[in-house]
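Notes follow the structure.
The values are calculated or read from the model by the stated rules, or taken from the named source; none is laboratory data. All of these numbers come straight from a predicted model, not from anything done at the bench. Backbone-built Cβ (ideal geometry, glycine too); neighbour counts: all protein chains shown.
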Ligand code: CDP
């Protein structure tokens, strides 16, 4: 099957009924793992992803230590049951690439110089995949870092745009990603500083411009949801009777 075999639009709407510039439904839950320092579960459409953050903590093996800053490790892993054809367990080239670009998307906002000789470990487990797992993983990891209390200059939010049937679309799902003409994931700060930009396929300069703008708009909307999820968790914590009092500043 290739893109010519698929009808991506019906009555102007996409295969799942979305408009071209519409995100899939997003659900974010903070602090879902008792033993992690910070954690987050996210659903972005058919993607189900969990992120766990540990640290800052001692580095093993020790030769990886940096004298003036914390190192950040990011492990993206896809469960073998997360995709249609069972994925062979363990690291492969794809997960190594996604781990690297995801770490690089987050590292610029983490105040690593506060924690010399330590490590901040980020684990991202994809439980169910439907295209956009790297963006979902980055969104969950950024929230989990905040939940762990790691000092950050800002949040990071991530979203992709794509091209199917010569139309620029937001947040491609699997059929659109696999059989479309282009996929362009980005990650950025709320100010619009981009920390990840990748592209598969081909876009004209004008299409590229529109796709980046669309993905940035999607990332801004996701930022609001990340913030809401954190605020929800911590305001409940303050209200819970019997807990140590927590002071929240405006
Ligand atoms: O997930 P993301 O879009 O960040 O990365 P991708 O490499 O473009 O993969 C797109 C999608 O292909 C994944 O989200 C999965 O739904 C699917 N996939 C798969 O079915 N089996 C794999 N071994 C890898 C990816």
Quiz prompt | Restricting the range 38-97 to residues that are under 25 Å from residue 26 (Cα atoms) and away from the ligand (no atom under 16 Å from the Cβ), the residue that is farthest from the chain's Cα centre (by Cα) | solution = 54
Exercise. Looking only at the range 117-131, decide whether some residue is more than 10 Å from the ligand (Cβ to nearest atom) and in a helix (DSSP H, G or I).
Key: no
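Answer with yes or no whether residue 39 is part of a helix (DSSP H, G or I) and surrounded by 16 or more Cβ atoms within 10 Å (Cβ to Cβ). Before you say what the answer is, go through the steps one by one.
Details: part of a helix (DSSP H, G or I): no; surrounded by 16 or more Cβ atoms within 10 Å (Cβ to Cβ): yes.
Taking the combined requirement at face value, the residue does not satisfy it.
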Quiz item: in a helix (DSSP H, G or I), out of contact with any helix residue (DSSP H, G or I) (no Cβ under 8 Å at 6 or more places or on another chain) and within 11 Å of the ligand (Cβ to nearest atom) - does that describe any residue in the range 133-144?
Solution: yes
Quiz item: Counting only residues that are assigned to a strand (DSSP E or B) and more than 11 Å from the ligand (Cβ to nearest atom), which one in the range 185-195 is farthest from the chain's Cα centre (by Cα)?
Solution: 194
Quiz item: Is it the case that the range 154-169 has a residue that's buried (at least 19 other Cβ atoms within 10 Å of the Cβ) and assigned to a helix (DSSP H, G or I)?
Solution: no
Quiz item: Filtering the range 170-181 down to residues that are part of a helix (DSSP H, G or I) and surrounded by 19 or more Cβ atoms within 10 Å (Cβ to Cβ), which residue is farthest from the ligand (Cβ to nearest atom)?
Solution: 176
Self-check item: Index of the failed condition, residue 18 passing every other in (1) crowded, with 16+ Cβ neighbours inside 10 Å; (2) modelled with pLDDT under 95
Solution: (2)
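Any idea how many residues of the range 101-116 are assigned to a helix (DSSP H, G or I) and either without any contact (Cβ under 8 Å) to a residue 12 or more places away in the chain or more than 16 Å from the ligand (Cβ to nearest atom) (or both)?
Counting residues in the range 101-116 that are assigned to a helix (DSSP H, G or I) and either without any contact (Cβ under 8 Å) to a residue 12 or more places away in the chain or more than 16 Å from the ligand (Cβ to nearest atom) (or both) gives 6.
Rundown of residues vs (1) without any contact (Cβ under 8 Å) to a residue 24 or more places away in the chain; (2) assigned to a strand (DSSP E or B), yes/no style:
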site: 17; (1), (2): yes, no
site: 22; (1), (2): no, no
site: 27; (1), (2): yes, yes
site: 54; (1), (2): no, yes
site: 72; (1), (2): no, yes
site: 76; (1), (2): no, yes
site: 91; (1), (2): yes, no
site: 99; (1), (2): no, no
